[in-house]
Amino acid sequence: MKNIYFFGECMVELRAKNDDMLHQSFAGDIYNSAVYLKRCFNEVTTSVVTAIGKDSLSAQMLARFESEQLDTQYVFAHDEKVPGMYYIETDEHGERSFTYWRSDAAAKKVVSFLTPSVLDSLSKGDMFFFSGISLAIIDNDSREQFWQAIKQLKDAGVKIVFDPNYRARLWQSVEQTKAQYDIAFSLSDVTLPGVEDLTTLYDIHSVEAVVEYLKPYNIQEIIVKNGPESVITKEGEELQSHTIIPVTNVVDTTSAGDAFNGVYLGARLAGRSVSDAVQMAAKAAGTVIQQPGAIAPKDVFCQAMANA
Ligand code: AMP
């Protein structure tokens, strides 16, 4: 059985239900990806690697992971901290705005739980995914330990997968981000950048320019996302352009990239070609943006994916 780890943060999500009620759920880039992967590829063991608290919302979060059939053996419970939270508003054009309470979240401490015995156990896996968000939220003084852990996993043969997923407000400076991304790209076997993420950081404006920028890093598999425009992949030396069928009924673009990542990686672990994996991933992302919130209802999602 293949397996994959999603390292980072899951948060409590709040959004308005009506004028005086809030809807509460759970979301976060790595969790979203894990959910969509598992819904499409039940045979792939899909683990969340994160830290939560010992409070009741943490218990609910853990129960949600389990209800989505995610493996929770690497979900660590911090003695004092609680999960981060955000409030999401979506305007009539589907554009989102967020208010966060996450600066003291349990997930910031996740690296402290990566003990030698945990790393030994993680070393037996197939893929380890982390994003620019995962990297941004961990404590500054735990970054060195994080990179040592990544090197250990890579040396053990675990494929390292990185999505830059750039969120300016989570970083102290562009220089700090670039320094961390440079290490991340150097250690990656697979990367799934979006053009938009790299525009602010490196003044890159096209899928081709992303591929060109990443050349010196010798990354085996590169998947460049560009909204509804196109996806370009580079597997070894083979460059392919994939057409995306644009969705006209866009309700909420939250987690389009996350759904894409999860389903793409699941498809690859299940032995599909890069091109088949992109088609499935694009179908998943196109389905998710027609539903409100990060996590689309399971029945709607699975029905849409049934023929993919
Ligand atoms: P993005 O993060 O905006 O690059 O989007 C991630 C993925 O979601 C893209 O690679 C597409 O597969 C899909 N996607 C985003 N926007 C649309 C859209 N309007 N129509 C169809 N697919 C989309």
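Bear in mind these aren't lab numbers, they're just calculated from the coordinates by the rules spelled out. Note that the structure is predicted; figures quoted are calculated from it, not measured. With ideal geometry, Cβ positions are generated from the backbone for all residues, glycine too; neighbour counts draw on all protein chains shown.
Cα centroid separation, the range 87-113 to the range 147-170: 21 Å. In the elastic network of the chain, a GNM with C-alpha springs shorter than 10 Å, the most mobile of 166, 86, 100 is 100. Largest mean-square fluctuation among 42, 218, 18, in a Gaussian network model of the chain whose springs join Cα atoms under 10 Å apart, belongs to 18. Sorted ascending by nearby beta carbons within 10 Å, beginning with the fewest, 213, 36, 181 become 213, 181, 36.
Ranked for footprinting exposure by Cβ neighbours inside 10 Å, fewest first, 205, 78 give 205, 78. Rounded, prolate or oblate for the range 94-139? Axes are the square roots of the Cα gyration tensor eigenvalues, ordered a ≥ b ≥ c, and the cut-off for rounded is a/c under 1.5. Oblate. Residue exposure proxy: 169, 272, ordered by other Cβ atoms within 10 angstrom of their Cβ from fewest to most, comes out as 169, 272.
In this label model, residue 97 and residue 213 are separated by 2.8 nm, measuring between points 7 Å along each Cα→Cβ vector. Net charge dipole, the range 3-307: roughly 500 debye, given to the nearest 20, about the Cα centre with Cβ charges of +1 for Lys and Arg and -1 for Asp and Glu.
Entry note, the range 80-148: relative contact order of 28 percent, from Cα contacts under 8 Å with a spacing of 6+ residues.
Pairs spanning more than 30 Å between alpha-carbon atoms, out of 108/215; 17/298; 178/298; 178/234: 108/215; 178/298. Residue ranges 136-144, 287-295 sort as 287-295, 136-144 when ordered by packing (mean number of other C-beta atoms within 10 Å per residue, highest first). Under 15 Å from a point 7 Å along the Cα-to-Cβ line of residue 168: which residues of the range 190-210 have their amide N that close? Within reach of a label on residue 168, which here means backbone N under 15 Å from a point 7 Å along Cα→Cβ, the range 190-210 contributes 196-204. With contacts taken as Cα pairs under 8 Å and at least 6 residues apart, the range 101-200 reaches a relative contact order of 30 percent. Seen from residue 244, the other residues with C-beta closer than 14 Å to its C-beta sum to a net charge of +1, counting Lys and Arg as +1 and Asp and Glu as -1. If every alpha-carbon in the range 210-291 counts as one equal scatterer, what log10 I(q)/I(0) does Debye give at q = 0.16, 0.20, 0.22, 0.26 1/Å? So the normalised log intensities work out to -0.59, -0.88, -1.02, -1.28. Modelled spin-label separation between residue 55 and residue 178, with each label point placed 7 Å from Cα along the Cα-to-Cβ direction: 3.8 nm. Near residue 155: Cβ cut-off under 14 Å, other residues only, Lys/Arg at +1 and Asp/Glu at -1. The net charge is +2. I want to make sure I understand the PRE zone here: with the label point 7 angstrom from the Cα of residue 69 toward its beta carbon, which residues in the range 6-27 have backbone N atoms less than 18 Å away? Only 6 fall inside the zone, counting backbone N under 18 Å. Shown here for the range 1-100: GluC sites (Glu not before Pro) in loop regions (DSSP other than H, G, I, E, B) with at most 16 other Cβ atoms within 10 Å, namely 43, 80, 92, 95.
Qualifying trypsin sites (Lys or Arg not before Pro) in the range 24-119, where qualification requires a DSSP coil assignment and no more than 16 other C-beta atoms within 10 Å, comprise 54. Stretching the chain fully between residue 145 and residue 308 yields a gain of 54.7 nm (0.36 nm per residue, less the alpha carbon separation). For the chain, DSSP calls about 45 percent of its internal beta bridges antiparallel. Largest mean-square fluctuation among 99, 233, 253, in a Gaussian network model of the chain whose springs join Cα atoms under 10 Å apart, belongs to 99.
The Cα atoms of the range 39-184 give a gyration tensor whose axes a ≥ b ≥ c have a/c under 1.5, which makes the shape rounded. Calculate I(q)/I(0) for the range 157-212 by the Debye formula, one identical point scatterer on each C-alpha and no solvent, and give its log10 at q = 0.12, 0.19, 0.27 Å⁻¹ to two decimals. Those come out to -0.27, -0.68, -1.22, one per q.
Only Cα pairs under 8 Å and 6+ residues apart enter the sum, and on that basis the relative contact order of the chain stands at 17 percent.
When the inverse distances between all different Cα atoms of the range 3-307 are averaged and flipped, the Kirkwood radius reads 19.4 angstrom.
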